[in-house]
Amino acid sequence: MALVNAGVVVLDCAEPERLAEFYKGLLGAEESDVSANRIEIEGPGGFRMAFRRDVNATPPSWPRPENSLQVHLDFVVADLDEAERAIVGLGGRPVEAKDPAGPHEERGFSDPAGHSFTLRLTFATAPKQG
């Protein structure tokens, strides 16, 4: 028996309204709970995120080499170029210029508040390489 019934990824930010709009556009999500200091969204597959107001929030500084990556989100997409155009249109930005080839191709981005996330391609299951 599980101790936890459900989970929500919560990001602290100065402007939860702005961040909720970004992730609603990215995930095709809808607002599911709204208060003065927190907005929760839910995507079509049941994935839930919330954005909590913290007026003292400062953007994470990753990927600077002197800082370790504490936490980030991974999203699987079918087309990296199409997803990147949409993310930039929603207010996100690329944080890496590399474009690794192969079945594990991925690209790094940050949302409008500076939280990092990675897009990676959908790929068929294959033996581990390298």
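Things worth noting here:
- In sequence order, calculated HN-Hα J values of the stretch 22-38 (Karplus, 6.51, -1.76, 1.60; Hz; x Gly/Pro): 4, 6, 4, x, 5, 9, x, 9, 10, 5, 10, 7, 9, 9, 4, 10, 7
- Over all other residues within a Cβ to Cβ distance under 13 Å of residue 29, the charged ones net out to -4, with Lys and Arg as +1 and Asp and Glu as -1.
- Å² of accessible area per residue within the stretch 1-43, as computed with a 1.4 Å probe and no ligands counted: 62 Å²
The values are calculated or read from the model by the stated rules, or taken from the named source; none is laboratory data. Here the structure is a predicted model, which means the values were calculated and not measured. Heads up, the Cβs are rebuilt from the backbone with ideal geometry, glycines too, and the neighbour counts pull from every protein chain shown. Calculation scope for accessible area: heavy atoms of the full protein, side chains included, ligands and nucleic acids excluded. Shrake-Rupley method; radii C 1.70, N 1.55, O 1.52, S 1.80 Å.
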